[in-house]
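A short worksheet on the structure shown next.
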Amino acid sequence: MEDFSSVQVTDGHQAGMAAPFAPHQIIYSRSDERGVILFGNATFQEISEYSWAELRGAPHKIIRHPDMPRGIFWIMWDRLTRGLPVVAYVKNRTRSGRYYWALAYVSPCPGGYLSIRIRPDDDLRATMEAEYSALLAREETQNLKPERSAEAFLARLKELGHIDYEAFMRTALTQELKARTSRLGRTDRIRANALDGILELSQQADDYVQRMAAGFRNIRAEPINMRILSNRMEDGGAAISSISQNYEVMAADMGQDLASLDTGDGETFGQIRSAVTEGHFALHAAEIAMEAALEMTTHREALAGHGVDIDAELALIHQFAALTQHRSVDSLKLIAGHAERLSETCRRLRRRINGLDVVKLMCRVESGRLENPDAALTGIIDRLAKFHLEIDRNLVKLGRCAGGMTRNVKSCR
């Protein structure tokens, strides 16, 4: 396996200058399990400035820039050796000493690892450059080992608002692909936009559910107050007490139905958000893989002249793209299931709120029969009527959100 030491390259008169790396370009390479380069596309060879003879059989660290902290590579290798893909910002160095930044998506593949890199254009890249510089300084001044450096970087990511490295990877890939699409003037992002729509609808739905849950908590005391009032009544008190008990039981059942959606951390909404981010991640990985395949096809003749089995490489990339697309489909299935569950919960709650309306109406009727209607009881009934109206409105909005999520899932297929 590749170690964490740096590799010296020949510095020329262009050392320290940025190497040309256009937004539309895709860098692709494949290495064995030790990190030895087995294949690279024409863009990789062009930007690196190395000849094919120098690249093939060389360790991938031949392009490593000394500005890269060792802790970042520790994170990358830790994930890869566990069979997990990894996304990371990397600063590379060309043969003449020039540099270029890339967002690398690296994944295990049969016999080793494949790496697809794009030019980063999002502001997150500049943030990571500053973080890498600070981390490198700590490695040098504190003599941090790669693993300790990695721990420090992961802790810093949390301070920057990323829950873990998985979340950071998804954010980086999503934002960079959006920036790239915008820079290249592309608009064909139907699936990605649909997933964005699902995420927005999920956040709205979560808000509606939390509002309703707060409403049920706020009216919890009203049936109790009704029973207290009924004990003071000489006539009709027993009926009011019975009605309040029925109302309390029905309202508690509705509150439990809402609680089953697990607001806050959110079993439903949390899983929807996770599925959306996983779907985005898989779609983006498949997208750049297919671009790499197209680039390779375009330069087929040039690559074939170096004794490369282009068809085998293309088959490997297409296999990778298919696997990531399958993961996206799995995410969509999960979202569809939660959207249907949300719709069913909404329909059930709307039936139950109608039942509460009947109980509330019975209470108003009994109150009207009293010779001396209690103003406090009337106030309770009025508050319940207002509460019912708010619940019904939020249920309508919740149903629309669930329906919108279902439509967006269908548009992704």
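Taking 8 Å as the Cα distance limit and 6 or more residues as the minimum spacing, I'd like the relative contact order of the chain as a percentage.
16 percent
Which Cα, out of Ile198, Phe168, Ala221, lies furthest along the positive dipole direction of segment 111-225 (beta carbon charges, K/R +1, D/E -1)?
My answer, from the dipole projection, is Ile198.
What length, rounded to one decimal in nm, is gained on full extension from Leu294 through to Asn143, with 0.36 nm per residue of separation minus their alpha-carbon distance?
The span from Leu294 to Asn143 would gain 49.9 nm if fully extended.
Give me the base-10 log of I(q)/I(0) for the chain at each q in 0.06, 0.07 Å⁻¹, Debye formula, one uniform scatterer per Cα, rounded to two decimals.
Taken in order of the listed q values, log10 I(q)/I(0) reads -0.39, -0.49.
Helix 375-411: angle to the longest alpha-carbon principal axis of the chain, degrees 0 to 90, nearest 10?
That helix lies at roughly 30 degrees to the long axis.
What is the gain in length, in nm to one decimal, between Asn218 and Arg400 on full extension, counting 0.36 nm per residue of separation less the C-alpha to C-alpha distance?
That pair, Asn218 and Arg400, stretches by 63.0 nm at full extension.
Fully extended, how many nm does the chain gain between Val329 and Ala22 (0.36 nm per residue separation, minus their Cα-Cα distance)? Please list the in-between numbers first.
On the way: separation 307, 0.36 × 307 = 110.52 nm, distance 3.14 nm.
Between Val329 and Ala22, full extension yields 107.4 nm more.
Separation between the Asp357 and Glu344 pseudo-spin-labels, each 7 Å from Cα along Cα→Cβ, expressed in nm?
Once both label points are built, they end up 2.5 nm from each other.
Can you tell me, using C-alpha contacts under 8 Å and at least 6 residues apart, the relative contact order of segment 125-267 as a whole percent?
Dividing the mean separation by the residue count of segment 125-267 yields 14 percent.
Can you give the FRET efficiency to the nearest 0.05 for Gln319 and Ser182, using r as the Cβ-Cβ distance and R₀ = 35 Å?
Working: r = 30 Å, r/R0 = 0.85.
Efficiency, from the Cβ-Cβ distance: 0.70.
Cα-based Rg (one decimal) and Dmax (whole number) for segment 191-411, in Å?
Rg then Dmax for segment 191-411, in Å: 27.5, 102.
For the chain, with a Gaussian network of springs between Cα atoms less than 10 Å apart, report the residue from Leu342, Leu184, Leu195 with the top mean-square fluctuation.
Its mean-square fluctuation being the largest, the pick is Leu184.
Report, in degrees rounded to the nearest 10, the 0 to 90 angle that the Cα long axis of helix 165-183 makes with the longest principal axis of the chain.
80 degrees
Read-outs: derived from the displayed coordinates by stated rules, not from any lab. Predicted model only: the values in this text are computed from it and were never measured. No Cβ is skipped: glycine too gets one built from the backbone with ideal geometry, and neighbour counts run over all protein chains shown.
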